[in-house]
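Everything on this sheet refers to the single structure shown next.
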Amino acid sequence: MRLEEYWGIGPKTRDLLAENLGVEAALEAIETADIRALTDAGLPRGRATRILRHAHGGEAMDVLATRDARQVYKQLLDIVSSYAVTADAGDRIRILTPLSDREAMADRLEDVRIARETWTELTEEEQAAVMDAFENYDDSERDRRAAVQTALDLQDIGVDSGVFAPLSALDESELRDAVAALTGLRGEGSRVGEGADDRLDELRDQLGRVEDMSATPESLVEEVQSGARGTDQLREALAREIANETGIDLGRVRDAMVTEAVDARAFAGETLRGLANGLREDVETREREVATEYEEILDAASAAIDQAVTAVDDIALSVSLARFATTFDLVEPTFSDDQVAGVVNARNLFLEDSGQSVQPITYAVGDHSLSVPGATVPPQGDRVAVLTGANSGGKTTLLETLAQVQLLAQMGLPVPADSAELQVVESIVFHRRHASFNAGVLESTLRSVVPPLSDPGRTLMLVDEFEAITEPGSAADLLHGLVTLTVDKEALGVFVTHLADDLEPLPEEARVDGIFAEGLTQDLELKVDYQPRFETVGRSTPEFIVSRLVADASDRSERAGYETLAEAVGEQAVQRTLVDAKWTE
């Protein structure tokens with residue numbers, strides 16, 4: 001296969017990878033989803049991520065039918081990857097894609113369930129130790145040596161069940177020898193690093209000292225010349241000084257001394273050069289011996305090292321997903337053969353991640369079997385819902401929550417709800433409100449939301465305030481047509497609008513739900529029950545907004561203007577709202 005055959009790789013990217021990584025290595029990096037190899041070759045991380053998503057997600061990426069659906073997908077990955085325990089785990093999370101079939105989704109969900117059970121069964125001390133092991137790995141160069149050391153650190157913690165089970169298959173003694181060998185062979189080629197062999201370190205130290213003395217032989221002569229009488233005493237004094245300063249055996253120093261020299265300085269210099277040449281040969285010989293020994297160890301431990309690297313990478317990914325699922329108390333969704341998208345007490349993950357207070361929502365379209373003790377469940381059978389209600393009532397957030405749940409489920413990840421019943425869909429058409437009132441935006445929007453409905457079934461339409469992109473009369477007609485098309489094509493859909501009255505009569509398979517504002521808080525904030533009321537039109541409540549404006553007026557003239565508006569929307573309703581909010585002058 002050629003590099004150009006992968007999505008997103010053109011001539012420039014091909015040449016970059018071929019030059020810096022090599023074609024075969026680049027192909028292997030793509031097939032093994034090795035983001036680090038691609039980024040080290042000079043590819044921007046975002047581009048590398050997109051290439052790998054398409055390489056491994058294939059047609060399943062087509063489920064993201066609109067820009068807003070793709071944005072939700074990216075935001076979800078940002079949140080999930082923030083719980084990664086290593087940079088490599090974060091990279092692997094960022095290339096998770098929707099899966100192509102229910103079996104693959106179920107398999108990944110099972111993996112996450114096991115990971116979560118494993119993680120939550122650990123004590124706090126064990127969890128902290130695991131995090132420390134991965135932090136040390138991430139602070140290192142994250143090479144094979146670091147991965148093997150992390151495997152040993154995890155073994156030392158004593159965790160060996162669930163996702164940690166692969167650790168029990170690793171030979172600790174073999175891995176410790178491998179760590180020593182990998183630590184020793186840290187330089188280019190077979191260069192043995194410092195600390196790998198005591199004798200080699202000693203020889204290198206001696207060589208360094210001799211080379212330092214060789215730079216200024218006259219200093220050595222001055223050090224010993226004053227106390228020496230005659231040539232023999234000078235030779236012996238020089239030999240002892242060199243031995244004392246370098247740690248070299250005195251006999252070896254004597255053997256290295258030259259027999260003839262023109263003066264004391266030349267005598268010392270030639271002696272030191274001779275010692276240095278001999279020590280270099282000894283260093284090279286010892287380094288070859290140690291390198292050969294370590295290479296033999298690594299050859300014998302090659303399979304064990306690969307096993308340890310794989311185990312560490314897989315455990316890191318599992319622990320990362322477990323932390324994400326545990327933090328947000330996620331649950332496994334149920335996949336149905338029927339047309340359904342239903343959730344019980346679903347929470348918006350983006351709001352929850354940002355620390356905001358979230359009201360759980362129960363909602364469904366299609367043939368669901370949801371059960372909520374003590375609460376009203378959505379009607380069964382309606383495949384399309386028109387959602388109405390006050391501004392700032394959470395309608396868009398509900399659409400976004402449904403998109404989050406559907407996407408997480410089809411990625412094989414648990415969802416933020418007490419339960420979820422879902423059909424696997426081929427297209428998620430999520431369209432947020434975009435307040436651009438022109439023909440170009442209308443055309444582009446229609447081109448985005450209509451084509452996924454071309455073929456019957458397995459599309460989830462989540463469309464927000466379609467009327468914001470064209471004049472109200474035409475918007476009502478177009479929205480009615482879109483609702484009808486969704487019904488005719490046997491898709492699922494939720495459409496947010498303020499034009500519910502203009503859409504009558506709706507197709508039999510569609511219903512109208514509403515979200516209601518209930519008043520103002522004492523802080524004059526709009527108080528909303530975000531749980532939709534089924535088969536009820538939600539009404540805008542301008543008296544609440546006008547009441548707040550009256551209360552917040554900065555002077556008498558401004559307040560008089562808002563009171564005129566209060567008369568228009570119903571003065572009694574405004575006054576009642578102000579009393580309920582306990583507003584006083």
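Students often check this: by mean Cβ neighbours within 10 Å, which of 476-487, 247-258, 309-320 ranks highest, and how do the rest follow?
Taking the mean over residues of other Cβ atoms within 10 Å, the ranking is 309-320, 476-487, 247-258.
Which values of log₁₀ I(q)/I(0), to two decimal places, follow from the Debye formula for the range 104-327 at q = 0.16, 0.17 Å⁻¹ with a uniform point scatterer at every Cα?
-1.00, -1.07
Based on the alpha carbon coordinates of the range 189-278, what radius of gyration and maximum Cα-Cα distance (Dmax) apply, in Å?
In Å, with Rg to one decimal and Dmax whole: 14.1, 51.
Can you list residues whose amide H is under 5 Å from Phe430's amide H, if they're 5+ apart or on another chain and H is modeled 1.01 Å from N?
Ala65, Thr66, Ala69, Leu462
Can you list residues from other chains, or at least 5 along the same chain, whose modelled amide H is less than 5 Å from the amide H of Leu387?
The answer is Phe495, Val496, Thr497, Asp513.
Pulled fully out, how much extra length does the chain show between Glu4 and Ala560, if you take 0.36 nm times their separation in residues and subtract their Cα-Cα distance?
193.3 nm
Could you give each residue of the range 163-176 its phi-based ³J(HN,Hα) in whole Hz, using Karplus coefficients 6.51, -1.76, 1.60 with θ = phi - 60°, and x for Gly or Pro?
Calculated HN-Hα couplings, in order: 5, 8, 4, x, 5, 5, 8, 8, 7, 4, 4, 5, 5, 5 Hz.
Quick check: from the Cα gyration tensor, does the range 344-440 come out rounded (a/c under 1.5), prolate or oblate?
Note, shape of the range 344-440 comes out rounded.
Where q = 0.07, 0.12 Å⁻¹, what log10 of I(q)/I(0) comes from the Debye formula for the chain, counting one point per Cα?
-0.63, -1.20
What span do the alpha-carbon atoms of the range 90-150 cover on each of the three principal axes, reported in whole Å from largest to smallest?
38, 28, 17
With runs of 4+ DSSP H residues as the only contributors, calculate the mean residue ellipticity of the chain at 222 nm using -39,500 (n - 2.57) per run, divided by the residue total and rounded to the nearest 500.
Only helices count here, giving -17500 deg cm²/dmol.
Got a sec? Charge dipole of the range 162-255, +1 on Cβ for Lys and Arg, -1 for Asp and Glu; which of Gly193, Thr231, Leu203 is way out at the positive end?
Thr231
If you place +1 on the Cβ of every Lys and Arg and -1 on the Cβ of every Asp and Glu, how big does the dipole about the Cα centre of the chain come out, in debye to the nearest 20? Intermediate values should be presented prior to the final figure.
Values: 54 positive and 112 negative charges, 342 e Å.
Dipole size: approximately 1640 debye.
Could you state the angle between the C-alpha long axis of helix 144-157 and the longest principal axis of the C-alpha atoms of the chain, as a value from 0 to 90 degrees rounded to the nearest 10?
The helix 144-157 is inclined about 70 degrees to the chain.
Among bridges DSSP assigns within the chain, what percent are antiparallel (round to 5)?
40
Report the extension gain between Asp78 and Asp477 in nm, rounded to one decimal, defined as 0.36 nm multiplied by the number of residues separating them, less their alpha carbon distance.
Net length gain for the segment: 139.8 nm.
If you average 1/r over every pair of different alpha-carbon atoms in the range 53-177 and take one over that average, what Kirkwood value in Å do you get?
Computed over the range 53-177, the radius equals 16.6 Å.
Need the full-extension length gain, Ala25 to Glu490, defined as separation in residues times 0.36 nm minus the C-alpha distance. One decimal, nm.
Length gained between Ala25 and Glu490: 162.7 nm.
Which three numbers, in whole Å and largest first, are the semi-axes of the equivalent ellipsoid of the range 1-58 derived from its Cα gyration tensor as √(5λ)?
Square roots of five times the eigenvalues give 14, 12, 11 Å.
Can you give me the Cα centroid spacing of the range 152-214 and the range 343-381 in angstrom?
With the range 152-214 and the range 343-381 each reduced to a Cα centre, they are spaced 54 Å.
How would the range 261-393 be classified by its alpha-carbon gyration tensor: rounded, prolate or oblate, with rounded meaning a/c under 1.5 and the a/b versus b/c comparison settling the rest? Write out the running numbers ahead of the final one.
Numbers: a/c = 6.92, a/b = 3.55, b/c = 1.95.
Note, shape of the range 261-393 comes out prolate.
Just so you know, all these numbers are worked out from the coordinates, no wet-lab data involved. Computed from a predicted structure; not experimentally measured. All Cβ positions, glycine included, derive from the backbone under ideal geometry; neighbour counts span all protein chains shown.
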